[in-house]
Amino acid sequence: MFRLNILAGAFLLLLPLGARAQESVIVSYDGNSGFQGPIWATKDLGLFEKYGLKAELVLVPGGSRGMQALVSGSTHFAQGSATSPISLRLQGGDVVIVAAALNKFPFSLVAQKQIRRPEDLIGKKIGIVNFGGSNELAVVLALKEWRIPRQAVTLVPAGEAAYRLVAMTAGNLDATVLSPPYTGEAARLGMNILAHMSEMDLPFPQTVITVRRSFLEKNRETVKRFVRAYSDAIYQFTTQKQQALAIYAKRLKQQNPKVVEETYLYYAGKFSLPPRISRAGMQSALILMGDKAVEAKTDFVDESVIDELEREGFFSKLSGRSPAK
């Protein structure tokens with residue numbers, strides 16, 4: 001019997017990761033815009049299974065809600081901007097950022113066609129996903145650049161991008177923050193693009209992966225499998241254009257190939273591999289969140305899993321692949 005157990009164990013070690021018993025995890029993401037591409041690719045290309053995970057993706061609009069689901073144990077991983085985990089960590093929350101796919105603001109501030117100048121926003125209603133996330137921060141940053149007091153506008157939590165675009169069309173909002181493909185749709189509807197946040201000289205951790213610190217400590221191998229799968233997805237998404245276009249068409253429910261390609265071309269070159277968080281972007285996020293965040297001695301980021309994978313040569317093996325024709 002002892003000999004059989006040894007043989008069985010050796011057999012399991014020889015199996016590919018995806019052929020072993022898969023661990024179930026729940027992963028949240030916070031909207032339906034193009035910057036969600038990496039997590040969609042991880043799921044749709046079967047990369048969770050490849051690295052030994054069985055994952056369920058759930059949409060949880062708004063960073064604050066995503067963090068609530070994470071700390072309650074309803075989810076194991078959360079993809080969203082860094083603002084919510086930073087805020088929660090400052091309050092003593094058991095969260096830490098372990099990876100980052102996008103270190104730039106992907107937003108544009110879109111306004112009704114009669115709003116031609118930033119100062120025309122004074123007294124107007126600006127739609128955001130929810131309070132406490134990167135949408136709100138992007139608006140506050142733009143107002144600061146234009147020297148418009150935050151109190152001069154009304155921020156309205158109005159849900160995900162599709163709902164906000166509908167609200168703009170109906171005239172229920174005066175302006176909102178959108179990203180591709182919705183930015184292009186808004187322009188085609190005659191709305192005015194007041195600012196492209198990605199063109200501002202301000203790195204920002206827009207798409208990060210957050211876990212509970214206690215989960216990382218107790219389930220490090222699970223987190224490592226996740227980061228492998230996520231990194232593989234970023235690589236495939238940025239090098240396999242046709243696969244990426246199919247993912248966007250499916251996930252964005254977009255039938256117009258021009259819109260799908262616009263979205264892909266906007267994002268493909270912006271994702272980070274290895275998925276490290278920009279230190280300059282993190283500092284920007286802390287500064288924008290106030291003195292308390294800047295002065296905090298809290299560790300918001302743990303890249304030890306990425307460091308380990310880099311030492312093992314995982315990323316060099318990914319980038320050394322020859323993309324399929």
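Quick notes
- Among the conditions (1) outside any loop (DSSP other than H, G, I, E, B); (2) touching a helix residue (DSSP H, G or I) at 6+ places or on another chain (Cβ under 6 Å); (3) polar (S, T, N, Q), Gln254 misses just one, which is (1).
- Scanning the stretch 196-230 for residues that are crowded, with 20+ Cβ neighbours inside 10 Å, closer than 25 Å to Ser33 by Cβ and among the aliphatic types (A, V, I, L, M) yields Met197, Val208, Ile209, Val211, Val227, Ala229.
- Hey, Ser179 under 22 Å from Ser64 (Cα atoms), surrounded by fewer than 20 Cβ atoms within 10 Å (Cβ to Cβ) and polar (S, T, N, Q) or not: no
For (1) free of Cβ contacts under 8 Å to residues at least 24 places away in the same chain; (2) of a type outside the set (Lys, Arg), each residue gets a yes or a no:
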{"position": "Lys224", "(1), (2)": "no, no"}
{"position": "Thr239", "(1), (2)": "no, yes"}
{"position": "Gln255", "(1), (2)": "yes, yes"}
{"position": "Thr263", "(1), (2)": "no, yes"}
{"position": "Ala280", "(1), (2)": "no, yes"}
{"position": "Val301", "(1), (2)": "no, yes"}
{"position": "Glu308", "(1), (2)": "no, yes"}
{"position": "Arg311", "(1), (2)": "yes, no"}
{"position": "Gly320", "(1), (2)": "yes, yes"}
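- Members of the stretch 269-305 that are assigned to a helix (DSSP H, G or I), aliphatic (A, V, I, L, M) and modelled with pLDDT under 85: Ala285, Leu286, Ile287, Leu288, Ala293, Val294
- Under the condition of being among the polar types (S, T, N, Q), modelled with pLDDT under 95 and crowded, with 24+ Cβ neighbours inside 10 Å, the residues counted in the stretch 55-110 number 5.
- Test: residue in the stretch 152-167 that is more than 22 Å from Asp30 (Cβ to Cβ), modelled with pLDDT of 90 or more and aliphatic (A, V, I, L, M): yes
- Considering residues of the stretch 182-195 that are surrounded by 18 or more Cβ atoms within 10 Å (Cβ to Cβ) and within 17 Å of Leu121 (Cβ to Cβ) only, the residue farthest from the chain's Cα centre (by Cα): Met191
The values are calculated or read from the model by the stated rules, or taken from the named source; none is laboratory data. Since the structure is predicted, the reported quantities are computational estimates derived from the model, not experimental observations. Positions of Cβ are backbone-derived with ideal geometry, glycine not excepted, and every protein chain shown enters the neighbour counts.
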